[in-house]
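Notes to accompany the following structure.
The values are calculated or read from the model by the stated rules, or taken from the named source; none is laboratory data. The shown structure was predicted, so the numbers you read here are calculated from the model rather than taken from an experiment. Ideal geometry is used to build each Cβ from the backbone, glycine not excepted, and the neighbour counts take in all protein chains shown.
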Ligand SMILES: NC(=O)c1ccc[n+]([C@@H]2O[C@H](COP(=O)([O-])OP(=O)(O)OC[C@H]3O[C@@H](n4cnc5c(N)ncnc54)[C@H](O)[C@@H]3O)[C@@H](O)[C@H]2O)c1
C-alpha cells in the first residue's frame, strides 16, 4: 500500500504522523511511504532521516494526497486540504467530527474513508490512540494555567503553589480520566490545592488512592460543579463521552460568578468544550476574556511538545497502520473491533452513532455497509 504523510498545517502544529522508525517498519513490510518535504522538521526529523529509513520525499502535499491510498495525519484536514482528498482514500487521523459538521459533510460528500484515532476503542472501553495525547495535554494543563494566572498574562496574579504562610491556588479539574488524572498529578506536584470532579466514583477512588489523599474528590453534578468552579483560580476541563460532543458542565451564569482573572483551560475543546463559554483558539492567539475570566481553548496542545508527542503518538498508531496496510481496511476491521470503532465515515455514510447524533445525520452500522461480520478476534496487543 502507498501511505502518505503530509506536513501538518494547523497553527503551530509541529507533530508529524510517523517517525523514521515507523516508516522503516512499513517499508520493510513491502509498503511505500511518501512524506511531504519538511513534514518532520518541527519534530527535529529531517527529510534525510526519513530517506535513510526508506521513505520517499515529495515536494508538495498535492503529490502525497494524489498518490497515497492511506493518508496519515495528526490533526483533521483543514478547508485548504479538502480538495486534495480522493474518493475511496483512507484518512487516519484525529478528526473529532462530533464538533465539526462541515468536515463531517466534506468527508461524506468526497467519499473518503474516515478513521478517527480518538474513537478507536479497545474492549475495556479505553481509547488507545487518544491516551498518549491525553497524558501529554493533561500534564501541560497546569503549567499553561500557571502561566496565565500571572498578572502580566491577564490572570489574577497568584502562584499555583502559594508560598510559606500564604494559601496556594485552588485548581478544579472536571473529569478524572486520563487528562484529568495527569493534570491532578502535575498540579499536586506544583503544590496547588486540587479538587477533582467526575460522575464516575471508581475513577475518583482510583485517583484518591494513587495520590494518597493529596487531592479532594467530589462527585460532579450541577450544584457541586457550580460551588467548586466559583471558588477556583484555575479550572481544567477534561470530560469526555467517547465520540460525542463533550457535555457542557459550566454555563455562562456560573462563569459570570467566577473570580476576575481566574483561568479556564478547556482541554475538552476538541470535542466542543465543557464550558458554555469555550471556543477553539490557536497557540498564536491562545486566550480570550469572557466576564473577566481568561479562557484558553487550544485544540492541539501536544503540538507544542512535538519531540515528546510525535514519538508517543506513533508508538500507538503504528500497529493499526500496519494492520490496515497489510490486510486492507475490510479485513483489518473484520479482525479488530478496536479499529472498527475508529471508522466514522465510509461510502458517504456515518458509521459512528455519536457523530450521526451530533449532526442529526442517519447512522449506519459498519457491518451494514461492508460485507463483514465483525468477529471478536482481535489483533491489537499481539
Ligand atoms: N486539546 C487537546 O489538545 C487535547 C489533547 C488530548 C485530549 N483532549 C481531550 O480531552 C478530553 C478528555 O480526554 P480523556 O482522554 O481524559 O478522556 P477520558 O475518557 O479518559 O476521561 C473523561 C472523563 O470524563 C468523565 N465524564 C464524562 N461525562 C461527564 C459528566 N457529565 N460529568 C462529569 N464527568 C464526566 C468520565 O467519567 C471520564 O472519567 C477529550 O475531549 C479529549 O479529546 C484534548
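Please verify whether residue 187 is under 24 Å from the mean Cα position of the chain (by Cα) and within 13 Å of the ligand (Cβ to nearest atom), treating the condition exactly as stated. Judged against the criteria, residue 187 is not a match.
Residue by residue, here is whether (1) assigned to a loop (DSSP other than H, G, I, E, B); (2) in contact with a helix residue (DSSP H, G or I) (Cβ under 9 Å, 6 or more places away or on another chain); (3) within 10 Å of the ligand (Cβ to nearest atom) holds:
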position: 203; (1), (2), (3): no, yes, yes
position: 207; (1), (2), (3): no, yes, yes
position: 214; (1), (2), (3): yes, yes, no
position: 223; (1), (2), (3): no, no, no
position: 229; (1), (2), (3): no, yes, no
position: 236; (1), (2), (3): no, yes, yes
position: 240; (1), (2), (3): yes, yes, yes
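Does the range 346-354 contain any residue that is more than 16 Å from the ligand (Cβ to nearest atom), assigned to a helix (DSSP H, G or I) and either in the same structural domain as residue 28 (by TED's automatic domain parsing) or under 26 Å from residue 23 (Cα atoms) (or both)?
Yes: the range 346-354 contains one or more residues that are more than 16 Å from the ligand (Cβ to nearest atom), assigned to a helix (DSSP H, G or I) and either in the same structural domain as residue 28 (by TED's automatic domain parsing) or under 26 Å from residue 23 (Cα atoms) (or both).
Restricting to the range 140-160, and then to whatever is crowded, with 20+ Cβ neighbours inside 10 Å and within 14 Å of residue 183 (Cβ to Cβ), can you tell me which residue is farthest from the ligand (Cβ to nearest atom)? Here the residue is 160. Filtering the range 26-39 to residues that are in contact (Cβ under 8 Å) with a residue 60 or more places away in the chain and buried (at least 21 other Cβ atoms within 10 Å of the Cβ) leaves only 26. Do the conditions hold for residue 175, that is, is it within 16 Å of the ligand (Cβ to nearest atom) and modelled with pLDDT of 95 or more? Yes; evaluated as a whole, the condition is true for this residue. Per the conditions (1) buried (at least 22 other Cβ atoms within 10 Å of the Cβ); (2) over 19 Å from residue 268 (Cα atoms), the sole criterion not satisfied by residue 197 is (2).
Among residues that are assigned by TED's automatic domain parsing to the domain that holds residue 328, farther than 23 Å from residue 312 by Cβ and out of contact with any strand residue (DSSP E or B) (no Cβ under 8 Å at 6 or more places or on another chain), residue 79 is included.
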